[in-house]
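Written below as structure tokens is the structure these notes are about.
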Amino acid sequence: MFGKWCLSNFKIEKKRLSPQAYEKFVAMQLEKSRAKLDQELGIKVDMLAWPFGIYDEDLIKSAATAGYIAAFTMVRSPAGPSDNVMALPRYLVTDQDTGKTLGRLLTTDTR
């Protein structure tokens, strides 16, 4: 559906680019991916899964500026009321997670 579109690794790009170029790059990545999803899905996308689980305070600010209201990390734990809405934990569910395995993911509180 999305062809060759894919988000880049922000850690790598931050090392490679000047601060100004990196800031522009981040804004473009967040805005372009959101616009593509809006167009392809026919809805307003306002939540983000951090690419590769990479985020920091500057990326959170950039995501909010791009119109995202929530974002998800790759931290495996249940979300709670004290979690930052722009860095919510989540469980990655794959085709392997069925039956009892999926049940454990849905009922286990690891905090």
Expressed in nm², what is the orientationally averaged projection area of the convex hull enclosing the Cα positions of the stretch 10-107? 7.8
For A71, residues with placed amide H under 5 Å, excluding near neighbours: L48, M86, A87, L88
Name all residues of the stretch 62-80 having a backbone nitrogen under 16 Å from the label point set 7 Å from the Cα of V45 along its Cα→Cβ direction, giving them as ranges. 63-73
Compute the FRET efficiency between K36 and N9 as 1/(1 + (r/R0)^6), taking r as their Cβ-Cβ distance and R0 = 22 Å, and round to the nearest 0.05. 0.75
For V45, enumerate residues with amide H under 5 Å from its amide H, sequence gap 5+ or separate chain, H modeled in the peptide plane. D38
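Just so you know, all these numbers are worked out from the coordinates, no wet-lab data involved. Quick caveat: nothing in here was measured; it's all calculated off a predicted structure. Backbone-built Cβ (ideal geometry, glycine too); neighbour counts: all protein chains shown.
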